[in-house]
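In what follows, a structure is listed as structure tokens, so that the remarks can point back to it.
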Amino acid sequence: MTLSKQEKQQITSKVHNLLANVYDPEIPIINVKDLGIIHKIDVADDGQINIGITPTYSGCPAISVIEDSVQQAVEQAGFCCKTERLLSPAWSTDFITQQGHKKLHDYGIAPPTKNAVSCVRCGSEDVRLISQFGSTACKALYACETCREPFDYFKCL
């Protein structure tokens, strides 16, 4: 059995929808699509789905859990799936969607910015770096000098 181009496109669309329900285990408010770590979804002629996942950094301790969760979500929908860890191109915070930025902010994590870091609680830019590493290696810990609250910042990579 060989799938047509249209059938492959329909399957790819379904897989995209499935992945919108797979969340990062370290930041459970953002899904793998909004985090920007899904870099390819290929549907083979026989229906095998191959998904390329790029970790936020090469030593990410959650990547195996993410790969398993992606594969499980796709297979539970009745597809045969294989994941592949991609280290090139390297993941960048530029891959986080606008919706992902909003979800991070609403959760209390300052999203990555090319501008000054600002407090997620009061919006002040009068902040100081406490530690290069926050609750996860991809975040830094800041403190706001205005409202005196600490907050995580998703580091630009």
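The values are calculated or read from the model by the stated rules, or taken from the named source; none is laboratory data. This is a predicted model, so every value here is computed, not measured. Glycine also receives a Cβ, built like all others from the backbone with ideal geometry; neighbour counts cover every protein chain displayed. Keep in mind that these areas ignore ligands, DNA and RNA; they rest on the heavy atoms of the full protein, side chains included. Shrake-Rupley method; radii C 1.70, N 1.55, O 1.52, S 1.80 Å.
The table below lists the values:
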{"quantity": "Degrees, to the nearest 10: 98-107 long Cα axis against longest axis of the chain", "calculated": "50 degrees"}
{"quantity": "Accessible area in square angstrom per residue, the chain, 1.4 angstrom probe", "calculated": "53 Å²"}
{"quantity": "Between helix 63-76 and the chain: long-axis angle, C-alpha atoms, 0 to 90°, nearest 10", "calculated": "40 degrees"}
{"quantity": "Whole-number D in µm²/s for the chain (Stokes-Einstein; Kirkwood sum over Cα pairs; 37 °C, 0.692 mPa s)", "calculated": "196 µm²/s"}
{"quantity": "Förster-model FRET efficiency, 22 Å R0, residue 147 and residue 114, C-beta, rounded to 0.05", "calculated": "0.40"}
{"quantity": "Simple spin-label estimate for residue 65 and residue 45 in nanometres, 7 Å along Cα-Cβ", "calculated": "4.0 nm"}
{"quantity": "Whole-percent carbon and sulfur share, accessible surface of the chain, 1.4 Å", "calculated": "48 percent"}
{"quantity": "Helix 5-19 axis, angle to the chain major axis (alpha carbon atoms, nearest 10°)", "calculated": "40 degrees"}
{"quantity": "FRET efficiency estimate (nearest 0.05) - Cβ-Cβ, residue 82 to residue 4, R0 22 angstrom", "calculated": "0.55"}
